[in-house]
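The values are calculated or read from the model by the stated rules, or taken from the named source; none is laboratory data. Please read these numbers as outputs of a predicted model, since none were measured by experiment. As a convention, Cβ positions derive from the backbone with ideal geometry for all residues, glycine included, and neighbour counts pool all protein chains shown. These area figures cover heavy atoms from the full protein model, side chains too; ligands, DNA and RNA do not enter into them. Shrake-Rupley method; radii C 1.70, N 1.55, O 1.52, S 1.80 Å.
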Amino acid sequence: MRTAVTLCQVPEAAAGPFVFHQPLAEGFALAKQTGFDDVELFLPGPDAFSVDQIKSLAQTHGLGIAAVGTGAGMVKHGLSLTDPSLEKRVAALDFLEQMIAFGGQLGAPAILGSMQGKHGGEASKDQALEWLADALHIAGKAAAKYNVPFIYEPLNRYETNLINRLTDGADFIEANSLENIVLLADLFHMNIEEADLAASIRAAGKHVGHVHYADSNRRAMGLGHTDPKPIVAALREINYTGHLSAEILPLPDPKSAATQTIQSIRSVL
Ligand code: LER
Ligand code: MN
């Protein structure tokens, strides 16, 4: 397993669960200093930085790109793949495909989290799930062109009413014959929704493709009440070789949160 830490460049997400919000060059340097292998990027969109800029920063600091988030599509542009408006859904998918291409050129998968949206109003749950499956078919194919998977993230009930649990995500992938889609096990969301985090990871098995390594209160692991040992044991059992990525609140301060994450990972790996 590899370690990663989140770098955020989206002002609208300044209060979000991201560790380093400094200018990107500084963020890369801090990630390296605190001992991470790779970084996960949360950027305003596909044009905020060039692929070459990111490649050069990654090379300078000896870090890889673990994944790219797409949440700015929602927090900055209000786009959702399950919006009742066709125009909005088309714009959302366009944004997603551009982020897949951006990440793909860096060898990094894109993540669908908040842009999955919610059902309600003019869109029934069945309808919204159909739109979601259609979008994931397209996203999986688009990502395959770059030899990377596309990452779908079940979120807790306060953030989506579509899919909240890992095993429901796995069932959704299988029921819709989705290809090249993997699941993101965000331990914060799972702490709210799952009866047993390790058991859910074992049940989702081969579908797990990325992990947001967060404690129960979304602080660095060790600062809440989640026990990471059985979770990491379950990840080992399913032969997970992806990232443990710190998508966490930068508390008590970004450097301490990053260092605490590395210490926790070293204690369980
Ligand atoms: C994104 O990875 C995520 O976990 C969401 O909760 C962000 O709001
Ligand atoms: Mn997450």
State to the nearest 20 debye the size of the charge dipole of the chain about its Cα centre, where the only charges are +1 on K and R beta carbons and -1 on D and E beta carbons. 640
Dipole magnitude of the range 1-48, debye to nearest 20 (Cβ charges: Lys/Arg +1, Asp/Glu -1, about Cα centre): 140
So for the chain, if I pair up every lysine 8 or more residues apart or on another chain, how many of those pairs have alpha-carbons under 20 Å apart? 9
To the nearest 20 Debye, how big is the dipole of the range 1-113 about its Cα centre, given +1 on the beta carbon of each Lys and Arg and -1 on that of each Asp and Glu? 160
Report Rg (one decimal) and Dmax (nearest whole number) for the range 128-269, counting Cα atoms only, units Å. 15.2, 43
Computed over the range 2-268, Cα set: Rg, Dmax in Å: 17.1, 49
Which percent of the accessible area of the chain is formed by carbon and sulfur heavy atoms (probe 1.4 angstrom)? 50
In a Gaussian network model of the chain with springs linking alpha carbons closer than 10 Å, the residue among Asn156, Asn180, Asn147 that fluctuates most is Asn147
The long-range amide H neighbours of Val208, using H built 1.01 Å from N in the peptide plane and a cut-off of under 5 Å, are Leu183
Just want the answer: with Cβ charges of +1 for Lys and Arg and -1 for Asp and Glu, which residue in Pro228, Val208, Asn156 is farthest toward the dipole's positive end in the range 134-269? Pro228
Projected onto the charge dipole of the chain (unit charges on the beta-carbon of Lys, Arg, Asp and Glu, signs +1, +1, -1, -1), the Cα from Ser50, Phe28, Pro17 with the largest positive-side position is that of Phe28
In nm, spacing of pseudo-spin labels at Glu12 and Glu26 (7 Å Cα→C-beta vector): 2.4
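Considering only DSSP states other than H, G, I, E and B, which chymotrypsin sites (Phe, Trp or Tyr not before Pro) in the range 138-189 qualify as loop sites with at most 12 other Cβ atoms within 10 Å?
Answer in residue order: Tyr158.
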Computed from the beta carbon distance with a Förster radius of 22 Å, FRET efficiency for Asp227 and Gln33 to the nearest 0.05 stands at 0.20
Between Ala101 and Gln127, what is the label-point separation in nm under the 7 Å Cα-to-beta-carbon projection? 3.0
Positive end of the dipole of the chain, charges at C-beta (+1 Lys, Arg; -1 Asp, Glu), about the Cα centre: which of Asn176, Phe188, Ala258 has its Cα farthest in that direction? Ala258
How many Å² of accessible area per residue for the chain, probe 1.4 Å? 41
